[in-house]
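Written below as structure tokens is the structure these notes are about.
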Amino acid sequence: MTVDALTDVAGLRVGHATRTGDGWLTGTTVVLAPEGGAVAAVDVRGGGPGTKETDALDPRNVVQKVEAIVLTGGSAYGLDAASGVMAWLEEQGRGVRVGADPAHVVPVVPAACVFDLGRGGDFRARPDAAIGREAVESAAASEPGAPVREGCVGAGTGATVGPVKGGVGTASTVLDSGITVAALVVANAAGSAVDPETGVLYGELFQGRVDYPPAHVHEAARRHLAEVAAKNAPPPLNTTLAVVATDARLSKAQAQKVAGTAHDGIARAVRPVHLLSDGDTVFTLATGERPLDPGQPLALNELLAAGADMVTRAIVRAVRAAEPVDGPGGAWPSYRELYGEMHGEVRGEMHG
């Protein structure tokens, strides 16, 4: 049984740590690989990225597998959350072994951050090592294949997409070959996910089912957005993050190609994209349980296309699951608040 989430890739677990109220609107999300790690790669397209340990994922470098990936709020300050994840992994003896003693390991924990500073009202309220530890412990305690909570949780707590609230979203598919491809995103873009002329989510134009909002609903939404726009000045800095995962057996170079192609999924769902004020970053995790068909030299193409498709679907999920925020740091209505429960299942109540 699948749950249409990143955890449909066997062995992967997801944990969130969320902070709201008293000036907080931020959090951290950890994707925990199976013990022994997963092949990992990264592709960064935004003009203002905030990352950690991404050089280790270059196919030319020695690290082959990672134990976890950290997605976090707090801009560059929030990258401290990865230290808490590293400490937890070290306690479990998980990481690159660097000595004769099995306890002598160095966990490689790639991380990327989104900008959400001050959105809860307090510029200094941002994730730290303790919040990172909380997120990885939540992931470790979750059941295999558990649903993943979406919306304003973890690294998506303070996320925005243009004028509306963003958050965490996830999606998965099983290819005809039996290979699973899934994505988890933190949708936090300077561009918009909503077509200003119609109110349709850009990402749904690529899903083959578009239910255009009535004109009066769209006009009311536009008026509401105009009313709250002044609360959000100056224009926010942003970043969309994604993890694309598969149970396919990939080399680091192949995994890097998956990460690069997956950026197309962001471009379908957000316009404009990859701006100087974005830090758009996509990671790939490949657990290696299923080999690509050696008789099909272009077998990787199907996986590449699916990765981009799952990123688009996950962004739609994130925007649909998000809840509105109106506080000292700004006001961001949710898509549901503006347009209602149109043509889309919302799973923001799921926990994992």
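Listed values, structure above:
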item	result
Computed [θ] at 222 nm, helices only, for the chain once each DSSP H run of length n ≥ 4 contributes -39500 (n - 2.57)	-8000 deg cm²/dmol
Dipole magnitude (debye, nearest 20) for the range 260-331, charges at Cβ of Lys, Arg, Asp, Glu	140
Nearest-0.05 FRET efficiency for Ala215 and Ala130, computed from C-beta distance (R0 45 Å)	0.35
Between 0 and 90°, nearest 10: helix 299-321 axis offset from the chain longest Cα axis	40
Percent accessible area from carbon and sulfur atoms, the chain, protein chains only, probe 1.4 Å	52
Kirkwood hydrodynamic radius of the chain, Cα pairs, Å	19.7
Rg over Rh, two decimals, the range 53-110 (C-alpha only, Kirkwood Rh)	1.00
Nearest-ten-degree value, helix 81-91 long axis tilted from longest Cα axis of the chain	30
Accessible surface of Met86 - all protein chains present, 1.4 Å probe, nearest 10 Å²	50
Degrees between helix 215-229 axis and first principal axis of the chain (Cα, 0 to 90, nearest 10)	80
For the range 49-55, Karplus couplings with θ = phi - 60° (6.51, -1.76, 1.60), whole Hz, Gly/Pro x	x, x, 9, 9, 6, 6, 4
Candidate residues Cys113, Cys152: accessible-area rank, largest first, probe 1.4 Å	Cys152, Cys113
GNM result for the chain, Cα springs below 10 Å: residue of Asp280, Asp101, Asp55 fluctuating most strongly	Asp101
Local electrostatic count at Val136 - Lys and Arg +1, Asp and Glu -1, tallied over other residues with Cβ under 12 Å	-2
Rounded to the nearest 10 Å², the accessible area of Tyr212 at probe 1.4 Å	130
Full-extension gain in nm, Gln207 to Val228, via 0.36 nm per residue minus C-alpha separation	4.6 nm
Where the chain is the region considered: accessible area per residue in Å², 1.4 Å probe	39
Neighbour-limited loop hits for chymotrypsin sites (Phe, Trp or Tyr not before Pro), the range 31-139 (at most 14 other Cβ within 10 Å; DSSP other than H, G, I, E, B)	Phe123
Pair Val98, Ala305: separation of 7 Å Cα→Cβ label points (nm)	4.4
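The values are calculated or read from the model by the stated rules, or taken from the named source; none is laboratory data. Computed from a predicted model, the values in this text were never measured in an experiment. In this analysis, Cβ positions are derived from the backbone assuming ideal geometry, glycine residues included, and neighbour counts consider all displayed protein chains. The area values use the complete protein model at the heavy-atom level, side chains included, leaving out ligands, DNA and RNA. Shrake-Rupley method; radii C 1.70, N 1.55, O 1.52, S 1.80 Å.
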